[in-house]
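Here's the structure, in structure tokens; my notes come after.
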Amino acid sequence: MKALVTRHFGEHPQMAVEQRPEPVIRPGHSLIQVHATTVNPLSNQIRHGLVPQSTAPLVLSNDGAGVVLQSDVFAVGQRVAIYGAGALGITEDGLQQQLAVVRNDWLMMVPETLSLEQAAALPINYVSALQAIRRVGQLQPDQTVLISGGSGSVGSALIQLCKAYGAIVLATVSSVPKAEHASRMGADQVIDLSSRLLSHAVYEYTNSAGVDLAFDTVGGELTGQLVSALKTRGALVSIGFAGGTHANIDLMDVVVFEKRILGFDAHLETDEDVMDALAELYLLAAEGKICPHIDSVYPLGQFEAAYARLESRQAMGPILLRLED
């Protein structure tokens, strides 16, 4: 089988498509013919040597989708989405290969409403968004939420899920095309930060009240602005830091208005949390309430172009590698 192997991590990672033996199925696992897998920020960080627990050589990517070839749980031919948790593509070979052996409880049946490519983009992004909303943010219907990075993979998932749970959604983006994408994903109001101040837009849309919750996928200098946009006793859930790991926050604003800053890390989810989330996502997808938007799909041999697209910061939604010949 073909596998994309990262042989050396660093500023200039060494990656190549290689022939490898077919994996052998183990108890409690299924053998999957991988159709498509993501090229995501985590795999990019790993190949650049920024994740200490990962060692080369390694096959990257911790989510994707394919078809069951052998299993003691799923029927042969069953379409499944794959959630790789904190293992696949991180501490053990992941999904940028044509065949993979995956734990049964990391597999989700794919409803007829989704293609395999859409299903490949769902597990990590939507499990993360769902748990940030439910477990950490504890979103309530009719609350107003503010989502940064509304055109990104997790940002788009947050928009769709918050809408599915009855929230009013404001989303921030950095350009007109990204604003159009966030609007298509369901945001009630989109704030283009290239032309508007965040504080002015939020107070206009909320009649100066501020938002109940903010979900921050960007980080950096934007985090402090999101905290300022919260209403009294509002909360910010920090999910990512593509824009930087340091923030400038007005502590007087936090103290006086009892605002909360909460962190979310998908790798802290228990197996039970993940199984529950995958079951919920299956139902939401089957009902047509969520559906990932794919930015682009590259054949395996064009992996360099796929990673270049990711690093361009221009992608609107997940980038996929197609594993089938």
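Worth a mention:
- Normalised per residue, the volume of the convex hull around the Cα set of region 88-220 (Å³): 145
- Think of a 1.4 Å ball rolled over the protein heavy atoms: the chain then has 43 Å² of accessible area per residue.
- With a Förster radius of 25 Å applied to the beta-carbon distance between Asn44 and Arg20, the computed FRET efficiency rounds to 0.70.
- Within region 127-216: Cβ-based charge dipole about Cα centre, in debye rounded to nearest 20 (Lys, Arg +1; Asp, Glu -1): 240
- Compactness of region 1-127 - radius of gyration and Dmax, Cα, Å: 13.9, 43
- If the chain linking Arg7 and Asp250 were pulled fully straight, counting 0.36 nm for each residue of separation and taking away their Cα-Cα distance, it would gain 83.0 nm.
- Cα-centre dipole for the chain with unit charges at Cβ (Lys and Arg positive, Asp and Glu negative), debye to 20: 300
- Given charges at Cβ of Lys, Arg, Asp, Glu: the chain dipole, positive-most of Ala129, Tyr307, Ala56: Tyr307
- Magnitude of the charge dipole for region 195-302, about its Cα centre and with charges confined to Cβ atoms of Lys, Arg (+1) and Asp, Glu (-1), is about 520 debye.
- Positive-end residue of Leu278, Tyr165, Leu193, charge dipole of region 152-310 with Cβ unit charges: Leu193
- Kirkwood radius for the chain, taken over all pairs of different Cα atoms as the inverse mean of 1/r, rounds to 20.0 Å.
- Taking only the C-alpha atoms of region 170-243, Rg followed by Dmax gives 11.7, 34 Å.
- Cα pair distances in region 178-325, grouped into 5 Å bins until the bin that holds the longest one, percent each: 2, 8, 12, 15, 18, 17, 15, 8, 4, 2, 1, 0
- Subset of Lys2/Lys289; Lys178/Lys289; Lys163/Lys259 violating a 29 Å alpha-carbon distance limit: Lys2/Lys289
- Protein accessible area in the chain, 1.4 Å probe - carbon and sulfur %: 52
The values are calculated or read from the model by the stated rules, or taken from the named source; none is laboratory data. Worth saying up front: this structure is predicted, and the values here are computed from it rather than measured. Ideal geometry is used to build each Cβ from the backbone, glycine not excepted, and the neighbour counts take in all protein chains shown. For accessibility, only protein heavy atoms count, side chains too; no ligands or nucleic acids. Shrake-Rupley method; radii C 1.70, N 1.55, O 1.52, S 1.80 Å.
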